[in-house]
Amino acid sequence: MKVKSARFVKSCADRSAKDTDEFAPQIAVAGRSNCGKSSLLNMLMGARLCKTSSTPGRTQLINVFEVACDTPFYFIDLPGYGYSAAQKSKADEWSERTDAYFRRGENIAQVLCLMDIRRDPSDLDKTLINYLRDLNLPFTVVLTKADKLSRAQAGLARVNIAAALGLARDNLFVTSAAKNQGRDELLERIAQILSA
């Protein structure tokens, strides 16, 4: 799939996430704070539309991006979870916003679940996967920051993370925004999802 252009559409603060209902189809992007969501989105869209930061918890709203290609769609950038330094009230608000979005989920074509390839899946990562299964929402696991490991280390990490999550190794995509690794494969996966 070739991305022709992409643009930021809006940020949604409404807890019901009803503002996202008008956008279809949607590819949602979820993951721990600082797992590389913004960097991955910038890589996939071919434009620096998301602000990146080494400080966790930057994304606090639901951000919508329109992607022009053969089958136009929207990326939905969700707030990160698990940032312990966030004030509890803020963290609860982000959690409620994301939960409301998933529960409405009528236009969600796929959820990209991002995880740092250098880390074992946390309890929160496993909770997200089980939560999506319970809601019958389709998902793909995307392992980020592969440039931080050797090819052999990344391959072993992929196998171990797949086993920890109870998934087939082929269901995990290895990426590196810094090296543009995995971009074509992931965009092809999205194209297959949208054409199904």
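Descriptive notes on the structure:
- Considering residues of region 69-85 that are within 16 Å of Ala30 (Cβ to Cβ) and part of a loop (DSSP other than H, G, I, E, B) only, the residue modelled with the highest pLDDT: Leu78
- The residues of region 174-189 that are closer than 21 Å to Pro25 by Cα and touching a helix residue (DSSP H, G or I) at 6+ places or on another chain (Cβ under 8 Å), listed by number, are Arg183, Leu186, Leu187.
- Contacts under 8 angstrom Cβ, first residue in region 53-68 being at pLDDT below 95 and in a strand (DSSP E or B), partner β-branched (Val, Ile, Thr) and open to solvent by 30 Å² or more (accessible area, probe 1.4 Å), 6 or more apart: Val64/Val9
- Hits in region 109-126 (condition: outside any loop (DSSP other than H, G, I, E, B), closer than 22 Å to Leu40 by Cα and either out of contact with any strand residue (DSSP E or B) (no Cβ under 7 Å at 6 or more places or on another chain) or modelled with pLDDT of 95 or more (or both)): Ala109, Gln110, Val111, Leu112, Cys113, Leu114, Met115, Asp116, Lys126
- Scanning region 21-52 for residues that are among the small types (Gly, Ala, Ser) and open to solvent by less than 10 Å² (accessible area, probe 1.4 Å) returns Ala28, Ala30, Gly31.
- Here Asn136, Asn160, Asn171 are screened, and the one residue that is open to solvent by 60 Å² or more (accessible area, probe 1.4 Å) and touching an Asp or Glu at 6+ places or on another chain (Cβ under 9 Å) is Asn160.
- Output for region 127-148, where each listed residue is within 21 Å of Leu44 (Cβ to Cβ) and part of a loop (DSSP other than H, G, I, E, B): Leu137, Pro138, Lys145
The values are calculated or read from the model by the stated rules, or taken from the named source; none is laboratory data. These numbers were taken from a predicted model, which means no experiment stands behind them. Neighbour counts are summed over all protein chains in view; Cβ atoms, including those assigned to glycine, are modelled from backbone coordinates with ideal geometry. Note: accessible area is taken over every heavy atom of the protein model, side chains too, but ligands, DNA and RNA are not part of it. Shrake-Rupley method; radii C 1.70, N 1.55, O 1.52, S 1.80 Å.
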